Amino acid sequence: MMRGWLVVASLWLAASAGAAESARARLEAFSRALHSISGRFEQSVTDANGQRGDESRGTLALQAPRQMRWQTTTPFEQTIVADGAHVWVYEPDLQQVSVRNQSSAEAHSPLVVLTDLSQLEQQFRTSEGGSHDGLAWLRLEPRADDAEFAQAELGFDGGDLRQMRFSDQLGNRTVIRFSDWRRNPALPSATFRFVPPAGVDVVGETRPEADVFPLDERDE
């Protein structure tokens, strides 16, 4: 009788340990009580013919509910700011800023779930991607028909998000490697505020009725 109980207990403990190590569990642990985060990234893009483009590097910052700053520093400078009402894209080499209303389309980005885990099931179908390349992978498939990517994968090393991979509808593949994460830093308000520099062309328009909040009402 005692031996049977030990076998059952061992199996239960093994199952519990396996569940704790799942990629989904790692994402939930990574995002738990996360209100803001900053770090560094390296991004590479390979087209459908296997040709790899230049690797870009820079910094990123996210803050709940849906603010983001994506700053590319090499090989060229580019700034993308989502301030909760509008998305600004500034390209200094072109002396141009494009702007559009921030909409529910931004919710289709896997980056959103890092600071708003409630969007995971609403926006994606999830499945375990197994372990390879030294990481545990969570596979995300967008529920929206008009999503810009066909599939994404999040790769975890222990409790840290280390990679994000995308495949778009044209067969292009993007790999983003993350490092130097800082959890819940006190980010200055200017981080998510963008004012076009004097003299640059501004393409697009700003309107007060951005539809990013609330997502659930606008998506119905």
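Every number in this text was worked out from the coordinates using simple rules, so none of it is lab data. Since the model is a prediction, treat every value here as computed from it, not as a measurement. Virtual Cβ from ideal backbone geometry, glycine too; neighbours counted across all protein chains shown.
Here are a few things to note about the model shown:
- Between E128 and A190, the FRET efficiency estimated from the beta carbon spacing at R0 = 30 angstrom works out to 0.15.
- Remark: segment 169-181, residue by residue, has Karplus-estimated 3J(HN,Hα) of 5, 9, x, 6, 10, 10, 10, 10, 10, 10, 7, 6, 5 Hz, where x stands for each Gly or Pro and the curve is 6.51 cos²θ - 1.76 cosθ + 1.60 at θ = phi - 60°.
- Between F76 and E205, the modelled label-to-label distance comes to 2.8 nm, taking each label 7 Å out from Cα in the direction of the beta carbon.
- Amide H contacts under 5 Å for S22, placed H, 5+ residues apart: none
- Relative contact order (%) - criterion: Cα under 8 Å, at least six apart; region: segment 37-211: 25
- Centre-to-centre, using Cα atoms only, segment 142-188 and segment 27-80 are separated by 8 Å.
- Taking 0.36 nm per residue of separation and subtracting the current Cα-Cα distance, fully stretching the chain between D145 and A198 would add 15.2 nm.
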